[in-house]
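Laboratory data are not the source of any read-out in this text; all were calculated from the coordinates shown. These numbers were taken from a predicted model, which means no experiment stands behind them. Heads up, the Cβs are rebuilt from the backbone with ideal geometry, glycines too, and the neighbour counts pull from every protein chain shown.
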Amino acid sequence: MKLHCKEVIRNKGIDQVTVEDLIEEITPKGRASVPEDVKSDLLEKIKAFIEKEADIKTT
């Protein structure tokens, strides 16, 4: 990801690139680099956390 950011900065020029430009450029590549099983596992953990927090707040 760091190398991709450097490439974007080199191509656009340091004075012509913004943080938003970098985010737009690297987000798809970053998301694609995360394995599906990791995404699924993380989603399950987030769901469990939200359910637990919802139960705590309603009691």
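Being surrounded by 10 or more Cβ atoms within 10 Å (Cβ to Cβ) and under 16 Å from the mean Cα position of the chain (by Cα) is true of ASP21. Does ILE56 satisfy being of a type in the set (Val, Ile, Thr), out of contact with any helix residue (DSSP H, G or I) (no Cβ under 7 Å at 6 or more places or on another chain) and either in a helix (DSSP H, G or I) or touching a residue at least 12 places away in the same chain (Cβ under 8 Å) (or both)? Considered against the rule, which asks whether it is of a type in the set (Val, Ile, Thr), out of contact with any helix residue (DSSP H, G or I) (no Cβ under 7 Å at 6 or more places or on another chain) and either in a helix (DSSP H, G or I) or touching a residue at least 12 places away in the same chain (Cβ under 8 Å) (or both), ILE56 comes out as yes. A count restricted to region 1-18 and to residues that are surrounded by 11 or more Cβ atoms within 10 Å (Cβ to Cβ) and β-branched (Val, Ile, Thr) stands at 3. The residue pairs whose first member lies in region 26-37 and is among the β-branched types (Val, Ile, Thr), whose second member is in a helix (DSSP H, G or I), and whose beta carbons are closer than 8 Å, counting only pairs six or more residues apart or on different chains, are ILE26/HIS4; ILE26/CYS5; ILE26/VAL8.
Test LYS12 against the stated conditions and say whether it is in contact with an Asp or Glu (Cβ under 9 Å, 6 or more places away or on another chain), of a type outside the set (Phe, Trp, Tyr) and without any contact (Cβ under 8 Å) to a residue 12 or more places away in the chain. Criteria met by LYS12.
Scanning region 25-37 for residues that are loosely packed, with under 10 Cβ neighbours inside 10 Å and either in a helix (DSSP H, G or I) or in contact with a His (Cβ under 6 Å, 6 or more places away or on another chain) (or both) yields PRO28, ARG31, ALA32, GLU36, ASP37. Here LYS47 meets each of (1) surrounded by fewer than 10 Cβ atoms within 10 Å (Cβ to Cβ); (2) over 15 Å from the mean Cα position of the chain (by Cα) with one exception, condition (1).
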